[in-house]
1. Only helical DSSP H runs with n ≥ 4 go in: add -39500 (n - 2.57) per run for the protein assembly as shown, normalise by residue count and round the 222 nm mean residue ellipticity to 500 deg cm²/dmol.
2. Computed FRET efficiency, Cβ-Cβ of A:Glu224 and B:Val191, R0 30 Å: what is it to the nearest 0.05?
3. Distances in nm, one decimal, shortest first, from B:Ala41 to the same residue in every other copy, taking the label point 7 angstrom along Cα→Cβ.
4. Only four residue types carry charge here, +1 at the Cβ of Lys and Arg and -1 at the Cβ of Asp and Glu. Report the dipole size of chain A about the Cα centre in Debye, rounded to the nearest 20.
5. Probe of 1.4 angstrom, ligands and nucleic acids ignored: what's the accessible area per residue over the range A:149-226, in square angstrom?
6. Ordering B:Lys347, B:Lys33 by accessible area with a probe of 1.4 Å, largest first, what comes out?
7. Tell me the net charge near B:Pro315. Cut-off is 12 Å between Cβ atoms, B:Pro315 excluded, with +1 for each Lys or Arg and -1 for each Asp or Glu.
8. Could you work out how far apart the two model spin labels at B:Trp199 and A:Ala316 are, taking each label as a point 7 Å from the Cα in the direction of the beta carbon, and quote it in nm?
There are 2 protein chains.
Amino acid sequence: MDTLTDPAPLDPSDLVGLTRALCDIPSVSGDEKALADAIEATLRACPHLVVVRDGDALVARTDLGRDRRVVVAGHIDTVPIADNLPTRLEGTGQDAVLWGRGTVDMLGGVAVALALATELGAPGTTPAHDLTWIFYDHEEVDSALNGLGRLARNHPDLLRGDFAILGEPSNAGIEGGCNGTMRVEVRTRGVAAHSARAWTGENAIHAVAPVLTRLAAYEPRAVEVDGLVYREGLNAVRIEGGIAGNVIPDACTVEVNYRFAPERSVAEAEAHLREVFEGFDVVVTDAAGGARPGLDDPLAAQFVRSVLDTAGGEPAPKYGWTDVARFAELGVPAVNFGPGDPLLAHKDDERLPVAQLAQCRDALRAWLLDD
Amino acid sequence: MDTLTDPAPLDPSDLVGLTRALCDIPSVSGDEKALADAIEATLRACPHLVVVRDGDALVARTDLGRDRRVVVAGHIDTVPIADNLPTRLEGTGQDAVLWGRGTVDMLGGVAVALALATELGAPGTTPAHDLTWIFYDHEEVDSALNGLGRLARNHPDLLRGDFAILGEPSNAGIEGGCNGTMRVEVRTRGVAAHSARAWTGENAIHAVAPVLTRLAAYEPRAVEVDGLVYREGLNAVRIEGGIAGNVIPDACTVEVNYRFAPERSVAEAEAHLREVFEGFDVVVTDAAGGARPGLDDPLAAQFVRSVLDTAGGEPAPKYGWTDVARFAELGVPAVNFGPGDPLLAHKDDERLPVAQLAQCRDALRAWLLDD
């Protein structure tokens, strides 16, 4: 589909205004086209960038002949809007807070990247590395749809790099690696019967009792990987059984989500779950391996030092699964670094202290220029 | 709503044909009008009957000045059709089996009643008692909609009688009384959180583990009441919890159905469930008391003797809740007596050995005439 009229480039000079503009173009997964069009127009206005579009994903690269290449990536889709758009700015100056869907996850991070993309590599700037800026679709849904995954299949060369920074919210700190995630269905079967003569049937919901008992008693591990401690989690996220108020249920399904530390592979995670739910029918419905923090990589270590010299603090583990795992799979060390409190992602009261925008932009710019 | 053209009366002389005709007018709960119209036309063609219609329920009464009045009642609605209409007759003569929705529950019993209604009280017959024939709607759904309950509210005088026979399937034997039924929701609450940081939430599905463990371990009673043994049952019939694959669920609900012997009142049943689920939030959503078999009533005892003298066997308890409980509440002793195997009710392969039709009609006719 072509746009009927070319959208105007966005103004990258005002970072708060840019974040608002990005959030106020609704971009729920599957409906990213308008926002991708606006970002494309902004990138194409920069002669120092070579821009490629794939679906609603955009890749913009410098070609400065540097030895190393740094990739900065972020997804442009959001979870559904909860009556929290358009954005609303509360307070003024450095104390202002921007409320609305996408401010945290992760159009704040996208704004930082987009502003720097238009600036670094333009005449008069001297980035230390060549730069690849990636803006992609479909991160908040089924991982088979993920735009970064599609780019890795369609244009693996475009994802090449020596180090990647994913602008996922990390409170402007550095969060290394990520836990893996696996979903399984634990299923029981019974025999349907009229509930007035229950003894002629077998109750599949009752049969699920030991599954829930094991889950309630389960003690999740905390595992140190490359110096960061990853907390695991094993939880029922959905349960469903029964068809009517007078029928003994013949089927019950518990959907379980396992978040596992990145020293464990997907196969090891599955083996563990089969052990936990021994005696039950276990079907894996979704899985994505984690990513080790990779902070021992020289470029990563240098980035961490540069950012934390300014911001203070220590690198922390990322608990949620993020696309750093895709870079890890491609052999590119990657960290999460972006504005916003990850605990507010997907919440109705999603909101961003705007000071983190400039903090992230300035730290990233300083490292990319000063190296 | 009036019918546009008066339907023709049905032919009550061929009992199998009448049963088929009744079944082949689809009459799922809420959609009984066409069948009620046909039954009404058949009853109104009998000068010996006084007919009253209330919604899609019909009451037809003789007025012979007898000392006692016997009520024969049956519901004309069925559960949804499972691609098992129109009816299909397999085999011939006394060995024939009639397949299809409603053959068992309970248009076979309705056919027996309708045939006898047109006959008994007509010139040349001498029924021993005055007779009230009730055909009613909405039995297979929420008890608030039940047509017999509506009649009891709108026309309590029409339900008056000394003994009631409900034509619910009992394999042409006599099933006394019925168990009560109660539905409760056992609910847990938790705190929602992203499943990547489960420790910031509280899992409401895990919290339900003890509820299922208690249900799985529960030993239902078998209670003798007036000489019949009633088996109880306590079962989860539905469970529901969770909203997404990456969210710690903040609510879980187990729907539980308790079938309790008729010596226990609704209040006693509730107290028992609150004891079983102590420590949990229990909400009663539906309840109907049972009915003692009442076979010590003189008219009931005489009926039982008369039927079993021919058919053999012993009275048995009715496990499923039936509208005999409504008559019991009105002080009218009532039994279940009708063609068809109750275990086939609501099944896709619902089917009736047609020999039971004549067996029920003949036993009922003999008792009503010979007393």
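The values are calculated or read from the model by the stated rules, or taken from the named source; none is laboratory data. These figures come from a predicted structure and were not determined experimentally. We place every Cβ from the backbone using ideal geometry, glycine too, and count neighbours over all the protein chains shown. For accessibility, only protein heavy atoms count, side chains too; no ligands or nucleic acids. Shrake-Rupley method; radii C 1.70, N 1.55, O 1.52, S 1.80 Å.
1. The helix contribution divided over the protein assembly as shown gives -8000 deg cm²/dmol.
2. 0.60
3. Relative to the other copies, B:Ala41 has label-point distances of 7.0 nm.
4. 460
5. 37
6. Descending order: B:Lys347, B:Lys33.
7. With Lys, Arg at +1 and Asp, Glu at -1, the neighbours total -2.
8. The answer from the label model is 1.2 nm.
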